[in-house]
Structure formats: C-alpha cells, structure tokens
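Quick note: the coordinates plus some simple rules give every number you see, no bench work behind them. These numbers were taken from a predicted model, which means no experiment stands behind them. Here the Cβ is made from the backbone with ideal geometry for all residues, glycine too, and neighbour counts use every protein chain on show.
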Amino acid sequence: MPLFNFKKKEKDKYGWFGDYKNWEELAALSGGYEADSILEITKESLLKVKNGQAVYERDSVLFDKKLYPYSIISALLYAAVECGGALNVLDFGGSLGSTYYQVRDLIPPAVKMQWSVVEQTDYVKCGQGLFEDEILKFHFTIAESMASAKANVLLLSSVVQYLQKPHDFLAEIQGFDFEYIIIDRTSFINDNQPDRLTLQIVPPDIYEAKYPAWFFNEKKLLEHFSNYEIKVEFESYVPGEQNIEIDHVKRGYDKGFFLVRK
C-alpha cells in the first residue's frame, strides 16, 4: 500500500463523527474527557511553560513558537481600559491556565489583573497545588470564584461545546451579570442546521481520548445574549478550525465573539 494512502486512512480515524441524540449513551461509549491521563499530560506540558522550558501549550501540546490569540488579547485590553485598568477574568474550563500563560506577556504591567480558572475538581486541586500565584487562582464553581473576586470578564474558550447541557449553562450565567463575555474557539454547524452532537476522536499524538462534542446553530446560541452587544466576531486563530469536517465532510467551523453588556 502506498505510504500516502496509509497516512490518509490513519488520519481518517480521527476527528468528529456521527449525529447522536443521547449524551449519556455517547459519554458511556466514549469515556469522556475526565481521564487522569489527560490531566497528567496537560500538567506536565504547562509546568514546562510555567518554568520557562517551553514557549506555549495548546490542548496539552507544546510548541516552540507562540501563536497569539489576538482577538482575545484585544478584547481583554478593551475591558481593562473601560474598567479603569482593572482586569478580573473568570476563565471557565480554562484547564490549568493555558490561556493565561498564552496572553500574559501582552497584558501591560500597569493593568491590575486577576485570573480565576473554574474547572473540574481534579484540575482545580492540581492548579491550586502547582500553578496558583498572586494573579492566577483556581476555583470549583463560578459562584465560588465570584465570591472571591467579582469578575468583569467571562472567558469561554473551547469549552461550551463539551458541556452536557450547554444551553442550560448559557442561561445560568446570565445571573452573574458579567460586563464582558469572550466566546472563543466554539464549534458551529454550517447552513443554519440544528445543534448536532458528535463523537470527537483525538489523534493519539495528542492523547488517546474520545468524547462528546456539540456543533451549535449559531443563531440559536446567540439568542442567549440578547442583552449584549456583539462588539466583534472573529474566526478561530488556530489553523484548520475555520472548516471542520464531520464524517469527512466540511460541515462545521470554530468561531468567537466579544460581547459587551448593553
């Protein structure tokens, strides 16, 4: 068999597949994304970033050149100026501080920044033990984080599509009255189709995992934010996420929004 055919067949095993109707059955089939191995790989990668042994981490993978999410950085700087130089970010689903380490060197020292990651229990415990400092904190819930320090910016980066009940979550966060919301790297379905639940299979050179992943109807998702102005919308800064294949057909895309409360 020619090598290029072999590589293509291997590649075809990974990505997004199916149109599922039941989250619980899919989660049982896939195993989800709470595996200890994922946390361990992410921890080791981010420790290298924290300690200056690596430049940049994304989805547990280390890179020797940083790819800056300029749309997020611009939104953060806008919020900081509007809030008198204070920037308090609640990073929901922020791993062990991936985005914080990615953007921190472009946030001027004059900005008084606090960054709280809200994550799964094991991530929070790991973060508190190995990564917390005077700026970066870890909390178990949004309510706990807001009680510690009220955030003016909510960051949702590549997280909403991995929630079992994403629309319930988006309705719930309205009660916290965030001044600014940044939605980044969020998956949408083409052609105004209904939300679609897929099985995502991660290539093993990242880590071995399968988990449920939503692709949203963009219009329906934005209905949650009728009390916000869409200041700007932007494509994913990650190459390849502008067109995503489901069952090997280009059916989706990742996109972001910067929302300002009216």
I need the fraction of alpha carbon pairs in the range 38-178 separated by more than 26 Å, rounded to a whole percent.
20
Highest-MSF residue in the chain out of Ser60, Ser30, Ser187 [GNM, Cα springs under 10 Å]
Ser30
Relative contact order for the range 42-154: what is it in percent, counting Cα pairs under 8 Å that are at least 6 residues apart?
26
Ile230 to Ala110: FRET efficiency via 1/(1 + (r/R0)^6), r the Cβ-Cβ distance, R0 30 Å, to the nearest 0.05?
0.60
Which ordering of Lys66, Lys21, Lys137 is given by a fewest-first count of other beta-carbon atoms within 10 Å?
Lys21, Lys66, Lys137
Gyration tensor over alpha-carbon atoms, the range 14-261, equivalent ellipsoid semi-axes in Å:
27, 22, 17
Which three extents, in angstrom, do the Cα atoms of the range 130-262 have along their principal axes, listed largest first?
45, 38, 26
Charge tally for neighbours of Ala80 with beta carbon under 14 Å away, counting Lys, Arg as +1 and Asp, Glu as -1, is 0
Could you compute the net charge surrounding Leu130? Neighbours are other residues with a C-beta less than 11 Å from the C-beta of Leu130; K and R count +1, D and E count -1.
0
State, as an integer percentage, the relative contact order of the chain based on alpha-carbon contacts under 8 Å between residues 6 or more apart.
22
